[in-house]
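The structure under discussion appears below in the form of structure tokens.
The values are calculated or read from the model by the stated rules, or taken from the named source; none is laboratory data. Since we're looking at a predicted model, the values are computed, not measured. Glycine also receives a Cβ, built like all others from the backbone with ideal geometry; neighbour counts cover every protein chain displayed. Just the protein is used for accessible areas: all its heavy atoms, side chains included, with ligands, DNA and RNA removed. Shrake-Rupley method; radii C 1.70, N 1.55, O 1.52, S 1.80 Å.
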Amino acid sequence: MIKGIGIDITEIKRVQAAVNKHAQFIPKVLTPAEQAQLENLSGQRYWEYISSRFSLKESFSKAMGTGIGTQVGFQDISFINNDLGRPEVFQSIFSGRAHASVSHTDQLVMTEVILEEGSDGNS
Ligand SMILES: CC(C)(COP(=O)(O)OP(=O)(O)OC[C@H]1O[C@@H](n2cnc3c(N)ncnc32)[C@H](O)[C@@H]1OP(=O)(O)O)[C@@H](O)C(=O)NCCC(=O)NCCS
């Protein structure tokens with residue numbers, strides 16, 4: 001059963017500006033596991049990865065129905081790309097399964113998160 005869906009569009013340039021202005025942006029938004037994956041990236045892929053993690057967490061918070069805040073924080077969820085590049089969700093604030101998808105252009109990142117519970121989920 002679907003508990004919620006969330007989508008988000010993020011401008012890569014805005015994320016670049018935030019990272020360049022605020023040294024704490026990356027450790028605030030990316031978990032240690034995501035920061036470790038980021039270390040292997042450079043150029044446009046580096047900025048896409050940061051932007052997509054930010055956007056995925058916005059999408060997750062919308063699927064939860066809370067927004068980012070006290071109930072869902074950036075450090076509560078990790079989106080780690082598997083060997084094929086698919087983002088896999090690691091989180092403990094929702095008891096079911098979370099599914100994620102990402103798409104980019106040069107300037108934009110779009111993400112979607114679907115939360116599933118019940119017979120096919122884990123709750
Ligand atoms: C809910 C949230 C994720 C929306 O993000 P946003 O970037 O402000 O706006 P978006 O254009 O992506 O999304 C707006 C839409 O989100 C939806 N939305 C708003 N609150 C929502 C909620 N609690 N649950 C699900 N969807 C929600 C609405 O459909 C809204 O569109 P509308 O105003 O036309 O009705 C936002 O409130 C939030 O939590 N942002 C956190 C940002 C942040 O922490 N920034 C700091 C960076 S370090």
Next on the checklist: Quick check: at a probe of 1.4 Å, how many percent of the accessible area of the range 2-116 sits on carbon and sulfur atoms?
Outcome noted: 50
Checklist entry - Using a cut-off of 17 Å between alpha-carbon atoms, which lysines can reach LYS28, once sequence neighbours fewer than 8 places away in the same chain are excluded? => result LYS57
Checklist entry - To one decimal place, what orientation-averaged projected area in nm² is obtained for the convex hull of the Cα set of the range 2-116? => result 6.7
Checklist entry - By how many nm would the segment from LYS28 to PHE90 grow when fully extended, if each residue of separation counts as 0.36 nm and the alpha-carbon distance is taken off? => result 20.6 nm
Checklist outcome for this item: Placing each pseudo-label 7 Å from Cα in the direction of the beta carbon, ALA36 and ILE9 end up separated by a distance in nanometres of 3.5
Checklist entry - Expressed as an acute angle from 0 to 90° and rounded to the nearest 10, what is the orientation of the C-alpha long axis of helix 43-64 relative to the principal long axis of the chain? => result 30
Checklist entry - Tell me, what is the per residue accessible area of the chain in Å², probe radius 1.4 Å? => result 57
Checklist entry - What percent antiparallel are the DSSP beta bridges of the range 2-116, to the nearest 5? => result 100
